[in-house]
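Engineer: There's a structure below that I have some questions on.
A short reminder: the numbers here are calculations on the coordinates, not readings from a lab. These numbers come from a predicted model, not from an experiment.
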Amino acid sequence: MKYTLDMTDVKTGESKLIKFDLDWNDGSKFWWSEGNFACDCNRAGVFSADLHNYENCNIGKNRFIVHKAILENGDEIIIDGAKP
């Protein structure tokens, strides 16, 4: 099922709800918490809606927070935790 991400750019303070066009599956939480999309480079592309945007990339896990994923059925999966 599709999902929406609750994300914040820590540098600017901007928060967004971002519809993600992939299905949530058994590996999705790992993908966002420890896998490829735990990195700020990949999260920058998701946040800017341009998956090829690395302009604001500092390799690390400090700039973009994915607070949670909200599934279409209303279930919420905590990724990085509460909003600052």
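Engineer: How high is the relative contact order of the chain, in percent, counting Cα pairs under 8 Å that sit 6 or more residues apart? Kindly include the intermediate steps, with their values, before the conclusion.
Structural biologist: Numbers: 148 pairs, mean separation 28.9, N = 84.
Relative contact order of the chain: 34 percent.
Engineer: Okay, moving on. Rounded to the nearest 500 deg cm²/dmol, what is the calculated helix-only ellipticity per residue at 222 nm for the chain, with -39500 (n - 2.57) per DSSP H run of length n ≥ 4?
Structural biologist: Values: 2 runs with 14 residues, N = 84.
Only helices count here, giving -4000 deg cm²/dmol.
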